[in-house]
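A short write-up of the structure that comes next.
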Amino acid sequence: SQQGEEDPQALSIQEGENATMNCSYKTSINNLQWYRQNSGRGLVHLILIRSNEREKHSGRLRVTLDTSKKSSSLLITASRAADTASYFCATDAYNNAGNMLTFGGGTRLMVKP
Amino acid sequence: DTAVSQTPKYLVTQMGNDKSIKCEQNLGHDTMYWYKQDSKKFLKIMFSYNNKELIINETVPNRFSPKSPDKAHLNLHINSLELGDSAVYFCASSYRDSGGSYTFGSGTRLTVV
């Protein structure tokens, strides 16, 4: 089963605009991670936010985490055509077998030049 | 140097055949994983291996068997291929107990005809 549900499934914006993607999950987590996947390529790690953190920044990326609502958001500011990709949230939940990343369905972002 | 490399990149084969996908990582990670991404882009974990020990197996048919000759390699062997096995298979690696990010390979697109 999918741990994370992402919203929206697809997003189309103009270059220079901000893009916001949301992720909801179901169980307690150790951390939440965001990955990017360009068409036909593998996943690239973008940013990790731990369960005791509420906000994190990395360049044009801003991630928030609300553990009470079991939700996270990824904001890409001043988007560029090169940001066109699919973005996935993944939750890390520890069990006695070690950490395990479970992915959401992804948001397909298109940034028009 | 490619951190996680998998071969082949594309694999087209007939139903009933047996095939293998190879994965190697040079990051010194202690755990490796196989994920399956379906046509709707959902990523589902199949296996993880830590120190040659299988620690996760998520309801994967026993036609799929991971084989790890050492901690830098995790190969995926598939027997009696079926049409429904067509997907993109991703290898990944991480440090098991760090709660950190995964590094993904670029994927193997398997098409069963």
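Every number in this text was worked out from the coordinates using simple rules, so none of it is lab data. Everything numeric in this text was worked out from a predicted model, so none of it was measured. Methodologically, a virtual Cβ is constructed for each residue, glycine included, from the backbone with ideal geometry; neighbour enumeration extends over all protein chains shown.
Across peptide B:39-49, the mean count of Cβ atoms from other chains lying within 10 Å of each residue's own Cβ comes to 4. Take each residue in A:28-41, count the other chain C-beta atoms within 10 Å of its C-beta, and the mean is 2.
Exposure proxy ranking for A:F88, A:F103, B:F47, based on other Cβ atoms within 10 angstrom of each Cβ and starting from the fewest, stands as B:F47, A:F103, A:F88.
Based on C-alpha pairs under 8 angstrom that are at least 6 apart in sequence, the stretch A:1-75 has a relative contact order of 28 percent. Label separation (B:E82 vs B:K41): 2.7 nm, computed from points 7 Å beyond Cα along the C-beta direction. With the highest mean first, a sort of the peptides B:97-104, A:58-65, B:66-73 on other beta-carbon atoms found within 10 angstrom per residue produces B:97-104, A:58-65, B:66-73. Relative intensity of the stretch B:3-61 on a log10 scale, I(q)/I(0) at q = 0.17, 0.23, 0.24 Å⁻¹, equals -0.75, -1.23, -1.27, per a Debye sum over C-alpha point scatterers of equal strength in the absence of solvent. Distance between the pseudo-spin-label points of A:R50 and B:N26 (7 Å out from Cα toward the beta carbon): 3.2 nm. Shape summary: chain B maps onto an equivalent ellipsoid whose semi-axes, from the alpha-carbon gyration tensor, are 23, 14, 13 Å in decreasing order. Please compute, over every Cα-Cα pair in the protein assembly as shown, the percentage with a separation greater than 32 angstrom. In whole percent, the long-distance tail amounts to 19.
Determine, for the stretch B:40-97, the count of lysine pairs separated by eight or more sequence positions (or lying on different chains) whose alpha-carbon distance falls under 22 Å.
Lysine pairs satisfying the spacing and distance rule in the stretch B:40-97 number 5.
Contact order, relative form, for the stretch B:6-97: 38 percent (alpha carbon pairs under 8 Å, 6 or more residues apart, mean separation divided by residue count). Determine the relative contact order of the stretch B:43-96: mean sequence separation of Cα pairs under 8 Å and six or more apart, normalised by residue count, in whole percent. Once divided by the residue count of the stretch B:43-96, the mean separation gives 24 percent. Solvent-free Debye calculation, one equal scatterer per alpha-carbon of chain A: log10 I(q)/I(0) at 0.10, 0.11, 0.14, 0.18 Å⁻¹ equals -0.27, -0.32, -0.52, -0.84.
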